[in-house]
1. Based on the alpha-carbon gyration tensor of the chain, what equivalent-ellipsoid semi-axes (square roots of 5 times the eigenvalues) come out, in whole Å, largest first?
2. Roughly speaking, to the nearest percent, how much of the chain's 1.4 Å accessible area is carbon and sulfur?
3. Of the listed peptides 21-27, 44-50, 65-71, what is their order by residue-averaged count of other C-beta atoms within 10 Å, with the highest listed first?
4. Apply the Karplus parameterisation 6.51 cos²θ - 1.76 cosθ + 1.60, with θ equal to phi minus 60°, to every residue of region 19-25 and state each ³J(HN,Hα) to the nearest whole Hz, in sequence, with x for glycine and proline.
5. Per residue, how many Å² of accessible area does the chain show with a 1.4 Å probe?
6. Per the Kirkwood formula on distinct C-alpha pairs, the Rh of region 38-88 is how many angstrom?
7. Tell me the mean residue ellipticity at 222 nm calculated for the chain from its helices only (DSSP H runs of n ≥ 4, each -39500 (n - 2.57), averaged over every residue, nearest 500).
8. If the only charges are +1 at each Lys and Arg Cβ and -1 at each Asp and Glu Cβ, what is the size of the charge dipole of region 34-81 around the Cα centre, to the nearest 20 debye?
Amino acid sequence: MTIFANDRLWDEAVVIEGDRQVIRVQSTRDALLCLKNHWPIQDGPAGQTAKSVCEQGLTSDDDPAFARRAFIEAAKEAGFRVNSWTAA
């Protein structure tokens, strides 16, 4: 079984905006795929932490809010504009 077969939906989606893209992320799996496939920097500490938290979140009973918060911090680190209706 791969971790991509599982998913953990978030209470609220996060929309990140870059210069050439807008991405809507609504789950831990979405976040991990985004970090792996659409991320402008691969070695930022918040990005590395977010990958780890997302991977852990897909294989455990961790609260999906942990992955959401980590993803938001990684998005800020990478220079994305983060749109969310509630605080991280």
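1. Semi-axes, largest first: 19, 14, 11 Å.
2. 48 percent
3. 65-71, 44-50, 21-27
4. In residue order, the calculated couplings are 5, 10, 8, 10, 10, 9, 10 Hz.
5. Per residue, the chain has 59 Å² of solvent-accessible surface.
6. About 11.2 Å, per the Kirkwood formula over Cα pairs.
7. So the helix-based figure for the chain works out to -13500 deg cm²/dmol.
8. Once rounded to the nearest 20, the dipole reads 260 debye.
The values are calculated or read from the model by the stated rules, or taken from the named source; none is laboratory data. Bear in mind that the values here come from a model prediction, so they are computed numbers and not experimental data. Backbone-built Cβ (ideal geometry, glycine too); neighbour counts: all protein chains shown. Just the protein is used for accessible areas: all its heavy atoms, side chains included, with ligands, DNA and RNA removed. Shrake-Rupley method; radii C 1.70, N 1.55, O 1.52, S 1.80 Å.
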